[in-house]
1. Given R₀ = 22 Å, what would the calculated FRET efficiency be for residue 121 paired with residue 89, taking r from the Cβ atoms and rounding to 0.05?
2. Round to the nearest 0.05 the FRET efficiency obtained for residue 102 and residue 61 when R0 = 25 Å and r is the Cβ-Cβ distance.
3. Please order 145, 85 by the number of other Cβ within 10 Å, starting at the fewest.
4. Roughly what % of Cα-Cα distances in segment 79-155 sit above 15 Å, to the whole percent?
5. So if we plug the beta-carbon distance of residue 78 and residue 135 into 1/(1 + (r/R0)^6) with R0 = 30 Å, what FRET efficiency do we get, rounded to 0.05?
């Protein structure tokens, strides 16, 4: 079983307690890096585990309660910021991963443009971030096309 957070996917195991975490299982569930996390795919809110009732189950239940109490617009906006970061990471690669950046930017655009004001107070900053990352993509893609040794045929 694993838990997805903006910092990555973390394993959640019951068989290897981490002494540094006060006996909690490894994976950082409930730690600062899991704030605003969502359950991993395939694990809905009703399937907290195998019924063992261990510390990991309690941590997951607490995390789910925290997520359920958060306003949906804040959670969705947080995922939008994650898509922005993903696109920026792909664009900053050497060489840039343009296909991955394009997918992340398009996904961000669908959310920001499609949801609009429903994103609440984050909407203006997300709209600006989308415009900036789109501009960066165009500039980086153009630079890649004109870079020597890229194999592009001149027309």
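Each value in this text was obtained by applying a stated rule to the coordinates, not by laboratory testing. Values in this document were obtained by computation on a predicted structure and should not be read as measured data. Reconstructed Cβ throughout: ideal geometry from the backbone, glycine too, with neighbour counts over all protein chains shown.
1. 0.30
2. That gives a FRET efficiency of 0.05.
3. Lowest to highest Cβ neighbour count: 145, 85.
4. Counting pairs separated by more than 15 Å, the tail of P(r) holds 55 percent.
5. Taking R0 as 30 Å, the efficiency between residue 78 and residue 135 is 0.85.
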